[in-house]
Amino acid sequence: MADKLGGEGLIGELCSGFQLLVEADKGVITFESLKNNSSVLGLQDLSGDDLQSMLREGDFDGDEAVEIFVGRSSWT
């Protein structure tokens with residue numbers, strides 16, 4: 001995908017996807033925001049355990065949320 005979109009295009013697409021799932025008032029993806037918005041990505045049939053597992057994969061700081069950090073700043 002990076003070859004097709006280029007670096008900037010790929011980052012833009014990732015940020016757009018992040019915005020679809022983010023909890024607006026917190027600027028992060030939480031279990032609740034992932035659960036509430038999973039149908040946008042066609043993931044409505046995933047179990048709570050599956051969604052929790054996805055969240056853990058992207059939670060690099062252990063705060064039970066996924067933040068997006070690109071380069072020098074946070075894009076939310």
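Read-outs: derived from the displayed coordinates by stated rules, not from any lab. Since we're looking at a predicted model, the values are computed, not measured. All Cβ positions, even for glycine, are placed from backbone atoms using ideal geometry, and neighbour counts span all protein chains on display.
Remarks
- Ranked for footprinting exposure by Cβ neighbours inside 10 Å, fewest first, Glu64, Glu57, Glu23 give Glu57, Glu64, Glu23.
- Arranged from fewest to most other beta-carbon atoms within 10 Å of their beta carbon, Val40, Val66 become Val40, Val66.
- Counting 0.36 nm for each residue step from Glu8 to Arg56 and taking away their Cα separation leaves a gain of 14.7 nm.
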